[in-house]
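The values are calculated or read from the model by the stated rules, or taken from the named source; none is laboratory data. Not measured: the values here are computed from a predicted model. Note that we place each Cβ from the backbone using ideal geometry, even for glycine, and neighbour counts take in every protein chain shown.
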Amino acid sequence: MIRELIEEIAGSVKADPSESWYVPAIPMDKPTLQTAVIERGLKSVSSVMEAFASKDDEKSRMGLAILLRAVWHKEYVDERDCRFVNDRVHGNIQKDGTFSVIPRIYGGVTTADELVKIGLVAKKYNVPTVKLTGGQRIDLLGVKKELLPDIWRDLGMVSGYAYTKAFRTCKTCVGSDWCRFGTNDSTALGIAIEKRLQGLETPAKVKMGVSGCPRNCAEATVKDIGIIATEGGEWEILVGGAAGVSVRKADSLCRVSSQEQAIRITERFLQYYQEHARYLERTYDFVPRIGIQKLRALLVDDSEGLCAGLDERVGAGIEAALDPWEDDSRNPKYAGQFAPIRRIALPVLAPAGSTG
């Protein structure tokens with residue numbers, strides 16, 4: 001609206017070329033940068049920065065790390081100083097300098113044994129807060145950095161990935177198994193999606209929801225990707241929703257008749273988003289920028305013959321995804337990875353003009 005107002009008064013407005021750059025330090029859009037990285041065989045952030053960057057920029061380094069991991073998978077050369085602290089220790093830093101431990105609870109479904117295990121760990125390490133979240137997680141909040149490896153070893157669970165730019169969780173309702181209104185098994189589909197996509201990194205965080213009927217108890221219409229069971233056993237797939245500062249109803253991408261098709265279209269959309277979205281661009285900005293009709297033509301109708309390649313590449317990414325705590329809790333990547341945060345006491349300055 002502001003752009004249209006300015007154009008009405010001042011005439012045409014030229015777009016800033018940097019708006020299309022993937023990261024601020026490199027004057028290339030994402031597809032161009034990816035092609036250049038592959039052609040030159042650049043597998044580390046430092047090598048890409050040296051080859052193309054006009055300046056050193058922390059945001060650019062973190063964005064490049066995500067891009068390179070998606071391109072090279074296990075061949076990526078990891079440089080930990082290119083990660084935000086959350087990604088270095090696999091947990092969200094809290095305002096007091098402590099961290100969260102977030103094990104994955106598939107589809108929000110747990111067991112008595114799993115609950116007992118989480119409770120015993122929380123008790124053993126004096127975790128101050130155990131929180132059930134809106135994303136159907138069980139968060140252990142207020143954990144000291146140096147205790148993270150011990151807690152994860154005792155839990156022996158998969159990371160919930162609530163701390164990085166990646167697929168997070170797939171919220172579900174109880175679906176047709178337990179709800180008299182349910183028309184399909186949303187819980188089973190949500191669990192299958194989580195187990196398939198866990199650890200898959202994306203340009204920005206991705207939240208999902210699967211509702212077992214149009215009553216939409218899993219809030220699928222305001223997720224990055226939402227799936228709703230409809231009449232006749234079909235699934236409607238929606239993309240580009242938001243429920244944050246700006247609320248946006250997701251656009252309908254297509255309807256499919258099986259869980260397998262729903263998962264395939266979901267993966268295909270994620271891969272296209274991975275390859276074409278700017279760093280930190282959420283799907284609710286990406287979908288309107290590309291256009292839902294174009295996305296439908298590309299990903300459902302295969303108008304440009306891209307689908308086979310997208311399916312193959314997302315499969316490679318899924319195969320390469322690893323649970324970070326499977327190794328880091330036993331073999332830290334560097335000496336200070338889980339060292340306590342050192343606090344520096346600053347001198348208290350007297351107010352200006354005082355004699356104290």
(request) Need at least 3 residues that are at pLDDT 95 or above per element, so show me which helices (runs of 4 or more DSSP H) inside the stretch 233-342 make the cut, counting only ones lying wholly within it. (result) 259-276, 283-290, 292-299, 307-320
(message) With the structure loaded, tell me whether Thr35 is farther than 26 Å from Glu326 by Cβ and either surrounded by 13 or more Cβ atoms within 10 Å (Cβ to Cβ) or more than 18 Å from the chain's Cα centre (by Cα) (or both) or whether it fails that test.
(response) yes
(request) Could you check, for the stretch 67-85, whether at least one of its residues is in contact (Cβ under 8 Å) with a residue 24 or more places away in the chain, out of contact with any helix residue (DSSP H, G or I) (no Cβ under 7 Å at 6 or more places or on another chain) and within 30 Å of Ser211 (Cβ to Cβ)? (result) no
(message) Need the failing condition index for Glu114 against (1) within 21 Å of Tyr163 (Cβ to Cβ); (2) outside the structural domain of Gly156 (by TED's automatic domain parsing); (3) charged (D, E, K, R), just the number.
(response) (2)
(message) Being surrounded by fewer than 20 Cβ atoms within 10 Å (Cβ to Cβ) and either over 26 Å from the mean Cα position of the chain (by Cα) or among the polar types (S, T, N, Q) (or both) is the filter here; which residues of the stretch 99-121 pass it?
(response) Thr110, Thr111, Ala112, Asp113, Val116, Lys117, Gly119, Leu120
(message) Quick check on my filter: what residues within the stretch 102-122 are in a helix (DSSP H, G or I) and among the hydrophobic types (A, V, I, L, M, F, W, C)?
(response) Ala112, Leu115, Val116, Ile118, Leu120, Val121, Ala122
(request) State which residue is surrounded by the fewest Cβ atoms within 10 Å (Cβ to Cβ) when the search covers only the stretch 163-173 and only residues that are closer than 22 Å to Gln271 by Cβ and hydrophobic (A, V, I, L, M, F, W, C). (result) Ala166
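For (1) hydroxyl-bearing (Ser, Thr, Tyr); (2) farther than 29 Å from Leu64 by Cα; (3) surrounded by 19 or more Cβ atoms within 10 Å (Cβ to Cβ), each residue gets a yes or a no:
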position	(1), (2), (3)
Val143	no, yes, yes
Trp152	no, no, yes
Gly175	no, yes, yes
Asp185	no, yes, yes
Arg196	no, no, no
Thr202	yes, no, yes
(request) For the stretch 221-231, indicate whether the set of residues that are crowded, with 18+ Cβ neighbours inside 10 Å and over 20 Å from the mean Cα position of the chain (by Cα) is non-empty. (result) yes
